[in-house]
There are 2 protein chains.
Amino acid sequence: MATIKDIAKRAGVSISTVSYALNGSPKVTNETTEKILAVAKELNYIPNAAARSLKTRETKIIGIFLTDFSGAFYGDLLQGTKELLVRKGYELIVCSGKQSRWMLPERMIDGAIILDVTFDSEELIRYADRGHKLVVLDRELTHPNINQVLLDNKAGATLATEHLIEEGHRKIYAVTGPSGSFDSKQRLHAVMQVVERTAGITLAIIEGDFNKEGGEHAAKRIMAEHADGQAAAAVFCFNDEMAIGMMNYIAEHHPETRVGEHIHIVGFDNLELAAYSQPRLTTIDYSKRKWGALAAEQLVKLISGAEVENERIYVTLMKGKSVGTA
Amino acid sequence: MATIKDIAKRAGVSISTVSYALNGSPKVTNETTEKILAVAKELNYIPNAAARSLKTRETKIIGIFLTDFSGAFYGDLLQGTKELLVRKGYELIVCSGKQSRWMLPERMIDGAIILDVTFDSEELIRYADRGHKLVVLDRELTHPNINQVLLDNKAGATLATEHLIEEGHRKIYAVTGPSGSFDSKQRLHAVMQVVERTAGITLAIIEGDFNKEGGEHAAKRIMAEHADGQAAAAVFCFNDEMAIGMMNYIAEHHPETRVGEHIHIVGFDNLELAAYSQPRLTTIDYSKRKWGALAAEQLVKLISGAEVENERIYVTLMKGKSVGTA
DNA sequence: TTGTAGGCGTTATCAA
DNA sequence: TTGATAACGCCTACAA
């Protein structure tokens, strides 16, 4: 492993000259710079990240912390994050699990994006107190070193609920996420607001889990309550994954029940998968890529010491065929 | 940021004693160890990863390089990798894109698992030549510092093809992956072997891309060739993603054509998504979790200097409802 | 324009 | 059992 020392010796200059030349400093003659670069190539020189960051106190790496690697949901978000970071000269690494959290305090990463409910807010604040920069996507946290980029859950849930109401549905089921989820709480709150200000609407809340299983369980219960087959059910699943689970359950166990006709479903997220569902799921859409890119941008600003305001990701209603008129 | 120096001063001992104590060396009295630990806690001491790895020349981090973050496919694999690594005292980071490759030569990671066709084999060999340890999941590479953990493509493709033949199909379409894919090549080779040694089978090869689009294009072509509706088509899609794309295309454009009856499809991978397809896709199954775990295990062994043999992941035929008798 | 030298925070080799 | 001290590879005043 060649070091700048080796290059210096070989090129007949001092190590500081090598360092300057390698970093493109104008203090060194073009001539010597070229010579040094040539020697570096010849020696297969590769800088040592540890040594560099020991000195500079930065790694140019950003970490994003996810609850798990299951993915279906994260693809575009990660892509968006990555693209922006690369443009800003940073690298992205994806981490998951409690064990990897040391990377932040030990300065292996220059900052982190958090999308992991299992990460305690207290722990995050501790890190922020120590000067680490964070962007959170899944909670509200006020701290000078923390910025939030949250989905506009209120708008999304309102759009979804109002859509069901406009189509003439009077009894609405809301299938929530797990109890700890911030997004789920916000969505439920918005749903309840809409219901309260609209006359003649009944709301039934079913606790879900943001997974397919949750949608299946909810489907089971809803189908049981509508066993007589007279009234159509209208359901707002707080994410697409559960909506898909619900549609799959219905297709399998109640083939005579048609989504969009006997049961009406709206989701949230507009997963790629939702586009392939039969019928196409009506859902709340937003740009996951933009979400990731914005989070990254905020983090980079935070690291550079700039003041940043919290941001919001806007959502729209994406009409499919899973909701029909009552 | 407290350092061991600060702790030494505060505890009235030398920095080497602190270092030993922090690393649980038996050379230090319990008494002083306790005292040092107490001071460390009091000072909120956090070790500095850069300094440590500058000295130890290791980071205890393993990187896995993927072509993209799209995920659907990788979830379990990453989970399996992660679990094993954590058990062995390593951390896993997920990387993608050319830019992140510096992490290997600059020793930011102790080794890498490669599942990224865009990573040139020559580049990998260069790294291996420099002493870096690698495990490749998507190609064959013989080098003392590189280990392979490959799918048993031959067995899988043979199982799939023979299944179609056993069900009485005589004309078989093979929808391949992109031309650069090692897995695709191996699968195609196996398919051709089966066809050659079985009388009366015709094989049509359609180049795909391992994405849904590839499946759709292939579906279009196959449906056109079977426009008369007389002969049923039998298709082996080289991965589930294409098989799903094919099924979706058919459901959308040829609702009268029933998969498992008028067209017979077998996939490869047994994605979670395949379990939700209608009808359930017949496919080749293998444990993605085990694949990841085995790759990690091999890499850890390689790093520890042990001799390791290349490994293979065994596959089985998972019968669904997408293939029926001719 | 180039060289000297100190230091970043640890580990590890010697002595004591 | 503990303490000096020299690396590890790089950056950066400051000096020449």
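Read-outs throughout are calculated quantities, based only on the coordinates presented, and are distinct from any laboratory measurement. What you see is a predicted model; the values in this text were computed from it and never measured. Virtual Cβ from ideal backbone geometry, glycine too; neighbours counted across all protein chains shown.
Projecting the Cα atoms of B:Ala174, B:Ala243, B:Gly260 onto the dipole axis of the range B:153-285, where Lys and Arg carry +1 and Asp and Glu carry -1 at the beta carbon, places B:Ala174 farthest toward the positive end. If each residue's Cβ is checked for other Cβ atoms within 10 Å, how do B:Asp116, A:Asp76, B:Asp6 rank with the fewest at the top? Ordered from fewest to most neighbouring Cβ atoms within 10 Å, B:Asp116, A:Asp76, B:Asp6 come out as B:Asp6, A:Asp76, B:Asp116. Taking chain B as the reference, fit the longest principal axis to its C-alpha atoms, fit the long axis of helix B:182-196 to the helix C-alpha atoms, and give the angle between the two in degrees, 0 to 90, nearest 10. Tilt relative to chain B: about 30 degrees.
Straight-line cross-link partners of B:Lys41 among the aspartates and glutamates, defined as a Cα under 19 Å from its Cα and at least 8 positions apart when in the same chain: A:Glu106, A:Glu122, A:Glu123, A:Asp129, B:Asp6, B:Glu31. Remark: chain B carries a charge dipole of roughly 1460 debye about the Cα centre, counting +1 on each Lys and Arg Cβ and -1 on each Asp and Glu Cβ. Here the label points at B:Lys185 and B:Glu122, each 7 Å from Cα along the C-beta direction, are separated by 1.6 nm in the simple model.
Model label points for B:Arg57 and A:Asp6, set 7 angstrom from Cα along the Cα-to-Cβ axis, are 1.1 nm apart. Computed on the range A:4-47, with alpha-carbon pairs under 8 angstrom and 6+ residues apart, the relative contact order is 38 percent. Counts of other chain beta carbons within 10 angstrom of each beta carbon in peptide A:92-103 average 6. Any chance you could check the Cα centroid distance between the range A:112-184 and the range B:276-291 for me, in angstrom? Between the Cα centres of the range A:112-184 and the range B:276-291 lies a distance of 33 Å. Considering only alpha-carbon pairs that sit under 8 angstrom and 6 or more positions apart, the relative contact order computed for chain B is 18 percent. Considering only alpha-carbon pairs that sit under 8 angstrom and 6 or more positions apart, the relative contact order computed for the range B:87-176 is 18 percent.
Here the extension length gained between A:Thr202 and A:Glu106 equals 29.4 nm, from 0.36 nm per residue of separation less the Cα-Cα distance. Basic side chains Lys and Arg get +1 at the Cβ, acidic Asp and Glu get -1 at the Cβ, and with that the dipole of the protein assembly as shown about its Cα centre reaches some 2560 debye.
The convex hull around the C-alpha trace of the range A:1-134, projected and averaged over every direction, spans 10.3 square nanometres.
Go ahead and run the numbers for FRET between A:Glu256 and B:Thr142, Cβ-Cβ distance against an R0 of 45 Å, rounding to 0.05. Computed FRET efficiency for A:Glu256 and B:Thr142 comes out at 0.15. For each pair in A:Lys98/A:Lys133; A:Lys9/B:Lys98; A:Lys60/B:Lys290, compute the distance between the two Cα atoms and list the pairs where it is over 24 Å. Flagged as over cut-off: A:Lys9/B:Lys98; A:Lys60/B:Lys290. Among the residues of A:40-49, the average count of other protein chain beta-carbon atoms within 10 Å of the residue beta-carbon is 3. By the beta-carbon count within 10 Å of each Cβ, the least crowded to most crowded order of B:Phe238, A:Phe236, fewest first, is A:Phe236, B:Phe238.
DSSP finds beta bridges in the range B:42-122, and of those with both partners inside it, around 0 percent are antiparallel.
Under a 5 Å amide H cut-off, with hydrogens placed 1.01 Å from N, B:Lys133 pairs with B:Ala112 among residues at least 5 apart or on other chains. What whole-number distance in Å separates the alpha-carbon centres of the range A:220-244 and the range A:29-66? Using only Cα atoms, the two centres lie 58 Å from each other.
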